[in-house]
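Colleague: Take this structure, written in structure tokens, and hold onto it; I'll ask about it next.
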Amino acid sequence: MDLTAVRNKLADNITLFTGLRAEGQARDTVSPPCAVIIPGQPFINYADTMPPLSAVTVNLVVLLLISDAAPLEKTQRALDIYLGVDSDPAVGSSVPEAIEEDQQLGGLIHFIQAVTADNYGRVDYGGVTYFGARIKVLIGGI
């Protein structure tokens, strides 16, 4: 599995289907609103299948960073729309929908699934506190 290609393709899909700028690689600084793909915990599980398949699962996090200001009603509504718990006809898919839009990321993996959202509220990234959330993503591949 080429994790750099996987993260970049996932970021491309998030941008394509939601309009939210997404980065496949961690950055020192960001300009919200945006999403950044970072490793999850545990990062890699090697023991998901027995040889000869030698498949692994990888946990990633889509870190949604909406604003570096105090959460205003507009900011919280935007986060809710990106998480898929609110809707707006002007916005395309939610981030979880965009994550699962291409189940094999163009043939790079076997499956992808948006699993949970957490850390809703203040999220620290790069020494700055943002208003956002984390979406945990499970990826299976060989």
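The values are calculated or read from the model by the stated rules, or taken from the named source; none is laboratory data. Just so it is clear, the model here is predicted, and its values are computed rather than measured. Counting neighbours? That spans all protein chains shown, and the Cβs are built from the backbone with ideal geometry, glycine included.
Colleague: Return the residue satisfying two criteria in turn: it lies in region 11-44 and is closer than 18 Å to residue 128 by Cβ and of a type in the set (Asp, Glu), and of such residues it is surrounded by the most Cβ atoms within 10 Å (Cβ to Cβ).
Modeller: 23
Colleague: Output the number of residues of region 9-28 satisfying the condition of being more than 19 Å from residue 111 (Cβ to Cβ) and in contact with a helix residue (DSSP H, G or I) (Cβ under 7 Å, 6 or more places away or on another chain).
Modeller: 6
Colleague: Right, here's the next one. Please state which of the following conditions residue 18 fails to meet, knowing it meets all the rest: (1) farther than 13 Å from residue 114 by Cβ; (2) of a type in the set (Ser, Thr, Tyr); (3) at pLDDT 90 or above.
Modeller: For residue 18, the exception is condition (1).
Colleague: Let me ask another. Report, by residue number, each residue of region 1-36 that is closer than 16 Å to residue 94 by Cβ, touching an Asp or Glu at 6+ places or on another chain (Cβ under 9 Å) and in a loop (DSSP other than H, G, I, E, B).
Modeller: Those that are closer than 16 Å to residue 94 by Cβ, touching an Asp or Glu at 6+ places or on another chain (Cβ under 9 Å) and in a loop (DSSP other than H, G, I, E, B): none in region 1-36.
Colleague: Hey, can you tell me all the residues within region 115-141 that are aliphatic (A, V, I, L, M) and under 17 Å from residue 43 (Cβ atoms)?
Modeller: 115, 135, 137, 138, 139
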